[in-house]
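The values are calculated or read from the model by the stated rules, or taken from the named source; none is laboratory data. None of these values were measured; they are calculated from a predicted model. Note: ideal-geometry Cβ built from the backbone for every residue, glycine included; neighbour counts use all protein chains shown. Side chains are part of the model used for accessible areas, which takes the heavy atoms of the whole protein and leaves out ligands, DNA and RNA. Shrake-Rupley method; radii C 1.70, N 1.55, O 1.52, S 1.80 Å.
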Amino acid sequence: MNILITGGAGFIGSNLVLHWVKQHPEDTVINFDCLTYAGNLINLKEIENAPNYHFVKGDLRNPQDIASAFQKHEVEGVVHLAAESHVDRSIAGPSAFIQTNIMGTFNLLEVARDFWKEDLAAHRFHHVSTDEVYGSLGETGMFSETTPYAPNSPYSASKASSDHLVRAYHHTYGFNTTTSNCSNNYGPLHFPEKLIPLVIKNAIERKPIPVYGDGSNVRDWLYVKDHCSAIDVIYHQGVSGETYNVGGLNEWKNIDIVRTICRHLDDVLQRSGDDSCLNLITFVKDRPGHDQRYAIDASKIQNDLNWNPQYTFEQGLHETVDWYLDNQEWVRLVTSGEYQAYYAEQYGR
Ligand code: NAD
Ligand code: DAU
């Protein structure tokens, strides 16, 4: 099968492309990505010459880019991850989120509808979404697939909108869709603007570690490799028209996770006393509209598709911290924008 993975140069996308190229040598993976600040082909160096991998520099905001990729690579299935993904950026500037996450998803669905019109049901379209579409929880309860949508940020509203488009294309046109709504991911190749990689980076560099508000907000963390295995299972075995919540029953208050990372780094870097990473923690102004708590009930994917996370949080977090310690040059390159400039020249844009 020729599978188009959108956003394959981003955090989850590049982990998924690496997974798919290795786990499914019978498939050809076409990575469709426009390489925003968050997309870096350096993430995919180890497979860039693999015979079953192709990169297409294309923008979801441009239907012609999508149509060319479908035509050239005879796309048979889609896993759609490309999005603007950072909540704080959506608060500062929502426009790109509307253009890419809503209009981009619409453009992708329309091109697929045209190319697959002879037999829409034969082509799977998997949409990767977020638990943030359900809004915020109080102290108890969990999000299930039937929780009503109540997105609170421009980011989550744009993702909710894209989920509804995918749902509508299934019901109206008979698209063969699945959607996953996953909790917070962490792991290698995570752009250091999000909490966990930012804490690791700032701690290593002895910079202030910003904690929003009082640090009591709760997130439910899943190792990115477990998310990739869930997407794989849903793509291959999920029931058309269904949505699946993905999570690892791993709730943490932000301040607790920040302290845990600091303590682990103190051990590894042999820091203590005044030099402890804990001293870098700085409480800052809260995020506007900050969702208090997310928690995922993943029993549907566990019971129906026999998926379970393979990594404990301790394992995943230690692997992640080790990865950032070993890849400080990656951090420097992706945050400096040097790679964007290099690839812009390479691909003529
Ligand atoms: P990311 O920001 O790291 O990567 C996004 C990728 O999409 C980048 O490579 C970027 O270049 C590409 N992209 C952006 N706009 C594009 C456009 N117009 N055309 C083509 N490519 C474009 O994001 P991520 O954290 O890897 O998230 C991937 C997906 O998973 C998103 O849809 C996100 O909503 C969802 N998700 C993320 C998390 C998480 O914790 N990170 C959790 C649940 C769901
Ligand atoms: O729940 C899934 C979502 O998780 C994904 O859909 C999003 O794409 C992804 O970015 C993530 O959203 P969050 O807003 O939860 O992630 P972020 O890492 O930005 O923040 C995690 C928590 O940490 C949140 O409560 C805000 C807080 N925070 C974040 C940053 C960047 C801080 O306290 N300080 C920070 O500097």
Over the range 1-14, the set of residues outside any strand (DSSP E or B) and near ligand 1 (Cβ under 8 Å from one of its atoms) is Gly7, Gly8, Ala9, Gly10, Phe11, Ile12, Gly13, Ser14
When Cys228 is run through (1) within 20 Å of Trp252 (Cβ to Cβ); (2) touching a His at 6+ places or on another chain (Cβ under 6 Å), the failure sits at (1)
Within the range 312-349, restricting to residues that are β-branched (Val, Ile, Thr), open to solvent by less than 70 Å² (accessible area, probe 1.4 Å) and modelled with pLDDT of 95 or more, the one that is nearest to Tyr223 (Cα to Cα) is Thr320
Within the range 118-127, the residues that are in contact with a helix residue (DSSP H, G or I) (Cβ under 8 Å, 6 or more places away or on another chain) and either open to solvent by 10 Å² or more (accessible area, probe 1.4 Å) or more than 10 Å from ligand 1 (Cβ to nearest atom) (or both) are Leu120, His123, Arg124, Phe125, His126
Reported set for the range 135-175 where residues are away from ligand 2 (no atom under 16 Å from the Cβ) and either touching a Ser or Thr at 6+ places or on another chain (Cβ under 6 Å) or open to solvent by less than 30 Å² (accessible area, probe 1.4 Å) (or both) is Leu165, Tyr169, His170, Phe175
Test Asn2 against the stated conditions and say whether it is open to solvent by 10 Å² or more (accessible area, probe 1.4 Å), within 18 Å of His227 (Cα to Cα) and not small (Gly, Ala, Ser). no
